C-alpha cells in the first residue's frame, strides 16, 4: 500500500486526491460557449493537442501568467506537481529545480542540469542565469520525466520549454507599469510593427527594480534587491507560402543576489555580514578584477535565435540556430558573519567568501524534419543536433578564520587593507584547505541524431517508437592565479591532475530510446503507457583545493515508466489527466559536503553516491463548472529512496557504525554525503511526499467592467535540504503558501483594453526553508504585494 503520509498510505492518498481534486482551484483559459479551450503544445517537437500527447505536461498560458502575476520562471513552479524550485544559494539569477526527485544545486560550469530549460527550442546550458523574466511569453510547457529522445540534453528530470510570442500582422501591443513593497517598481512593454505584409517585427522591453528585503545590521544596508532590465527584438519574414524565417535577439542585465538571511520574531529578515554593496570585498585576497567586486551577483546575457521553416515535399524542415553569451560577476558571503576581527583579541567569527568572474558561450545548431507517410498512418520527426560550449571561470574561495589580525588593522569601507602582511607566514592556519584562486577552462562538444515515429496500428491505437544517439566530449583545464596568499599545496595545474590520475577528458556515446502505446476509448478519453530513457553528462568537481580533489563523476542515467489517462468530460468543461510513474536512476549525481579521510576537513563535492528510485502519481484537473468560474488543481504524490550504494558509501557507513559503537570522540564518517549522523542512509533531498498546486478565479460583471478575484495555494509535504539529514533545523515539515489577486478590467481576452491588478505572493508571509549551505539555511522570499496597471493597444 506504500508508506504512510500523515497516516494515509501513498496509494490510498493518490486515489483520494484523484477523486476530490475537482474541488480544488486555480484559473484556466476557457471559452464560455464551448468550455475549456484546446491547448496546443510542442512537446513532441510539432504542434499537437495536449490531450493526445503521451507525456506528463503542465502548460501555463500567457493569460495565467498575467492573472497570477507570475513574472519569472521560478514562479512557474507554483503550478507544477512534484516540482520543487528555489533560487540557488547566493544567486538570485539561478534557479535550482527538483522534479520527481532529480535535482542539482551546483551552478559552476562543470555541472549540467537534470531539468533542462529551452527558449524557443534553444537549449540553455548554464544554471547561472535560468531565472528568466517572463515578458511577452506565449506559453510555458513543463515536461515531467526524461525527454531523452527529442530534447536530449540532460533531461533526466524533465524540461521547461518557454515559447515566446511571434510578431503579429497588425500594429498593436501593450504597456504596463506598477510597484509594490520593498520599493518595487516595474515597467514592461511590447509592440508589434508590421513593416510589410511579409515582414513583421516586434520590440519588447522591461525594467524591474526593488531595494531588497534584508536589513544588514552591520552595514545598515538593504540586501537582496533585484535590479533587472532587458530588451528583445523579433522579426518574422514570410518569404513565401512555404518559407518563413523567425529571427530574434535579446539582452538582459540583472543584479540579484540571494544572500543568506535570518528571520526575526516580527517577520522581518536580517543579515550580519560586514561586506558592503559599495566597496570591494577583500581586494587583497584575490587576483584580478574579481577582487574588486563589492557584495553582488550580476549577469549580462546576450542571445540570438534563428528558426527557418521550409515546407517541402518530404515534410517541414526547420533550421534552428542559437547563440548565447553569459558573463557573470559575483562576490558573496555564505556564513553571514560580521567582519571577523578588528583586533587580535576580538571576535571568534569567520566568513566563507566566493568571488567569481565567468564567461560562458554556447552555440547550437539543429536540423529537424517533421513529416508523414503511408497515407498519414505514420507521423514522424527526425533531426540532427550540435552543441559547442566554452566556459572560463576565474574562481576564488576562502574561509577566513578568526582571530588572525593584529590590533589597529584598517577597515575602510568594511574591507581589509594591509592583509598580506597581517597573515604573512600564517596562511596555512588562517585559510587551511579552503583557500584557492584559480582559472578553470572547460568545454563541451555534443552531437546527436534522433528520430521518433507515431504509427496508427488501428484508428484508435497509436504506437510511438523513437531513439536518440548522442556522442559527447568534455574537457577541463586548471591554472593557478599568481596569488602569493594561497598555500602552495592549493595551487595546481592540469598537469598535476594528470599526475594524480584525474582524467581531463570525458566521452559519452549513448542511445536514449522511447516507446509508448496510446489507446483512444473516445475522441475525448485515452490511456497510454510509455518507457523513456534519459541521461545527464558527467563532469568534475571544480571547487577543488588540490588536483586530487578535482575528481570526475560519471553520467547520470534514468529509465522512466508511465501509465496515463487523458480525458475531457461534461461537454469539455472538465479536463482530468492522471499519470502514474516509476523512475529508476543509476549513478545519481548529488552535490554534498563530504568529509575527507583522516579528518582533513569538509569539501563541497559531487559524486555518484548511489542510484535513486522514485515512484508516484500526478493529477491535473481543470474545470469550468459554471459560467465565469474557472478551477484547477495540479496534485502530486511521490516516494523515493537511494539504492545501489557505491562502494565508497558502503565503506563509509560501516566506518560510521564502528565509530558510533566504540563511542569515539570523533565520528568523521557520520553525517556526511548520504550517511546520516546515526549511520543510516538518508532520505533524498527536495522530495516532498505530496504537493498541491491549486486555485480559482471568478469573473464578476459590473456593467461594462469585469472584476476578477483569484486565489491560489502551493502546499508541500515534508522534505530535507541537507544530503545527510544532519540536523532537524534542515528538515521542513512542509508548508502552505497562499497567493491572491484582484483585477479590474474593461473586458476579457481580446476585448480588454485596460486593467488594474492588485496581488500578493506568499500572502501569509510563511517562512519556508528552500536550501542550505552548512551551517546556514536559505528561505523563500517573504510576502510580496504589487499593483500593476496595463493598457493594450
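Quick rundown of the values:
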quantity	calculated
Qualifying residue in the range 142-154 (condition: in contact (Cβ under 8 Å) with a residue 60 or more places away in the chain and over 14 Å from residue 43 (Cα atoms))	yes
Enumeration of residues in the range 620-630 that are surrounded by fewer than 24 Cβ atoms within 10 Å (Cβ to Cβ) and either within 21 Å of the chain's Cα centre (by Cα) or closer than 19 Å to residue 566 by Cβ (or both)	none
Filtered residues of the range 248-274 (kept if assigned to a strand (DSSP E or B), farther than 18 Å from residue 335 by Cα and either out of contact with any strand residue (DSSP E or B) (no Cβ under 7 Å at 6 or more places or on another chain) or without any contact (Cβ under 8 Å) to a residue 60 or more places away in the chain (or both))	249, 250, 251, 253, 255
Selected residue [within 27 Å of residue 369 (Cα to Cα) and either in a helix (DSSP H, G or I) or free of Cβ contacts under 8 Å to residues at least 60 places away in the same chain (or both)] from 479, 515	515
Residue check, residue 722 in a strand (DSSP E or B), at pLDDT below 95 and touching a strand residue (DSSP E or B) at 6+ places or on another chain (Cβ under 9 Å)	no
Residue within the range 715-722 that is within 25 Å of residue 58 (Cα to Cα) and more than 23 Å from the chain's Cα centre (by Cα) present	no
Test: residue in the range 629-646 that is at pLDDT below 95, closer than 30 Å to residue 82 by Cβ and part of a loop (DSSP other than H, G, I, E, B)	yes
Residue within the range 478-499 that is within 27 Å of residue 383 (Cα to Cα), touching a strand residue (DSSP E or B) at 6+ places or on another chain (Cβ under 9 Å) and modelled with pLDDT of 95 or more present	no
Residue 760, sole failed condition from (1) touching a residue at least 40 places away in the same chain (Cβ under 8 Å); (2) under 25 Å from the mean Cα position of the chain (by Cα); (3) assigned to a strand (DSSP E or B); (4) closer than 24 Å to residue 634 by Cα	(1)
Residue match in the range 344-363 (condition: more than 26 Å from the chain's Cα centre (by Cα), surrounded by fewer than 17 Cβ atoms within 10 Å (Cβ to Cβ), modelled with pLDDT of 80 or more and closer than 30 Å to residue 237 by Cα)	no
Residue 688 modelled with pLDDT under 95, at negative phi and assigned to a loop (DSSP other than H, G, I, E, B)	no
Residue among 219, 201 that alone is surrounded by 21 or more Cβ atoms within 10 Å (Cβ to Cβ) and farther than 23 Å from residue 784 by Cβ	219
Within the range 277-317, tally of residues that are surrounded by fewer than 20 Cβ atoms within 10 Å (Cβ to Cβ) and either modelled with pLDDT of 95 or more or touching a helix residue (DSSP H, G or I) at 6+ places or on another chain (Cβ under 8 Å) (or both)	17
Filter pass, residue 93 being buried (at least 22 other Cβ atoms within 10 Å of the Cβ), within 11 Å of the chain's Cα centre (by Cα) and touching a residue at least 60 places away in the same chain (Cβ under 8 Å)	yes
Test: residue in the range 634-652 that is crowded, with 21+ Cβ neighbours inside 10 Å, over 20 Å from residue 720 (Cβ atoms) and either in contact with a helix residue (DSSP H, G or I) (Cβ under 6 Å, 6 or more places away or on another chain) or in contact (Cβ under 8 Å) with a residue 12 or more places away in the chain (or both)	yes
Checklist (1) at positive phi; (2) touching a strand residue (DSSP E or B) at 6+ places or on another chain (Cβ under 9 Å) applied to residue 203, failing item	(1)
Residues that are crowded, with 19+ Cβ neighbours inside 10 Å and within 30 Å of residue 53 (Cα to Cα), drawn from the range 483-517	512, 514, 516
Qualifying residue in the range 222-229 (condition: in a loop (DSSP other than H, G, I, E, B), over 20 Å from residue 326 (Cα atoms) and in contact (Cβ under 8 Å) with a residue 60 or more places away in the chain)	yes
Odd one out for residue 239 among (1) closer than 21 Å to residue 336 by Cβ; (2) in contact (Cβ under 8 Å) with a residue 40 or more places away in the chain; (3) surrounded by fewer than 20 Cβ atoms within 10 Å (Cβ to Cβ); (4) out of contact with any strand residue (DSSP E or B) (no Cβ under 6 Å at 6 or more places or on another chain)	(1)
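The values are calculated or read from the model by the stated rules, or taken from the named source; none is laboratory data. As the structure is a prediction and not an experimental result, all values here were calculated from the model. All Cβ positions, even for glycine, are placed from backbone atoms using ideal geometry, and neighbour counts span all protein chains on display.
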